[in-house]
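All remarks here apply to the structure that follows.
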Amino acid sequence: MVLLQTKELCKFFGGLKAVNHVSMEVEEGKIFGIIGPNGAGKTTFFNLCAGTFPATSGEIWMGGKNITGYRPHMAAREGIARTFQNIQLFQNTSVLENIAVGFHIHTSASMLDAVLGNQRQRRTEKEIYEKGEALLNRLELGQYRDTMAKNLPYGIQRKVEIARALAISPRILLLDEPAAGMNPMETQELLVFVKKLNAEGLTVVVIEHDLKFIMNICERIMVLNYGEKLCEGTADQVRNNRQVQEAYFGKRAGLGGGE
């Protein structure tokens, strides 16, 4: 079953065609990769799928529903969660408090309840923190429950950001360069972490410059260049595609990324 689909999706900024007629299909339960040189339009494409930017033209479908034009909170309610290139945790609050933020999208308490601090609000907050603690324990992050985000190692901060995205109970997770800035050990731990989430049934789309990470985790990979879709296929098909090699590294180099 196709979970996330784009049809001839475009985003133009004046004369710049940041995303130009890109069609994509992500099957439920899979890990799908997006690669391309700097400036290829990868993050802009993510921003379109998550509702951060409105599309110039084209369509976005989620679970068979047309969600073109949805804002981020609306896309989140349809089951789309994302992380960002730069970690966006609340650095001066605890890990559990960061996770709790993600659960608020599904709460029934109103703004008035929050202002009054009434029984419904107190019950909702209690449930949120219980769910947050359960999520941290499931992801083997429980030991960091009360640690301030700014005091976490970089690799753990990235995992906490992913955990916060999971708090909205997404059907699909968009990861924007999750391994950026990580050392080899942290990158390997992240790879295992993402594979575990996928094994639990979560569909994942990942943008990443670390080609070894992409080649070893993704079942299908789409390549963007100058905002256009250059090719799509398995890791071997992409690795051996001459156009991709030339776009990514120049005419003399080839794509690596194997074990």
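Suppose the filter is part of a strand (DSSP E or B), in contact with a strand residue (DSSP E or B) (Cβ under 9 Å, 6 or more places away or on another chain) and of a type in the set (A, V, I, L, M, F, W, C); does residue 205 pass it? Criteria met by residue 205. With the structure loaded, tell me whether residue 92 is touching a residue at least 12 places away in the same chain (Cβ under 8 Å) and part of a loop (DSSP other than H, G, I, E, B) or whether it fails that test. Here the answer is yes, as residue 92 does meet what is asked.
When 244, 206 are checked against the criterion of being in contact with a Pro (Cβ under 7 Å, 6 or more places away or on another chain) and surrounded by 16 or more Cβ atoms within 10 Å (Cβ to Cβ), 206 stands alone in meeting it. When residue 173 is tested against (1) hydrophobic (A, V, I, L, M, F, W, C); (2) open to solvent by 80 Å² or more (accessible area, probe 1.4 Å); (3) touching a Ser or Thr at 6+ places or on another chain (Cβ under 8 Å), exactly one condition is not met: (2). Checking each residue in the stretch 64-105 for being of a type in the set (A, V, I, L, M), open to solvent by less than 50 Å² (accessible area, probe 1.4 Å) and closer than 16 Å to residue 145 by Cβ picks out 89, 95, 96, 99, 100.
When you look at residue 6, is it of a type in the set (Ser, Thr, Tyr), open to solvent by less than 50 Å² (accessible area, probe 1.4 Å), part of a strand (DSSP E or B) and within 18 Å of residue 204 (Cα to Cα), yes or no? It is true that residue 6 is of a type in the set (Ser, Thr, Tyr), open to solvent by less than 50 Å² (accessible area, probe 1.4 Å), part of a strand (DSSP E or B) and within 18 Å of residue 204 (Cα to Cα). When restricted to residues that are within 21 Å of residue 1 (Cβ to Cβ) and open to solvent by 60 Å² or more (accessible area, probe 1.4 Å), the stretch 44-63 contains 2. Can we say residue 155 is buried (at least 17 other Cβ atoms within 10 Å of the Cβ) and either at pLDDT 90 or above or among the polar types (S, T, N, Q) (or both)? Here the answer is yes, as residue 155 does meet what is asked.
Which members of the stretch 139-162 meet the condition of being of a type outside the set (Val, Ile, Thr) and within 11 Å of the chain's Cα centre (by Cα)?
Hit for the stretch 139-162 is 161, nothing else.
Of all residues in the stretch 210-224, those satisfying the criterion of being in a loop (DSSP other than H, G, I, E, B) and either farther than 17 Å from residue 187 by Cβ or more than 14 Å from the chain's Cα centre (by Cα) (or both) are 210, 219.
Residues in the stretch 9-55 that are of a type in the set (S, T, N, Q) and in a helix (DSSP H, G or I) were compared, and the one that is farthest from the chain's Cα centre (by Cα) is 44.
The values are calculated or read from the model by the stated rules, or taken from the named source; none is laboratory data. Note that the structure is predicted; figures quoted are calculated from it, not measured. Glycine also receives a Cβ, built like all others from the backbone with ideal geometry; neighbour counts cover every protein chain displayed. We work out accessible area using only protein heavy atoms, side chains counted, and drop any ligands, DNA or RNA first. Shrake-Rupley method; radii C 1.70, N 1.55, O 1.52, S 1.80 Å.
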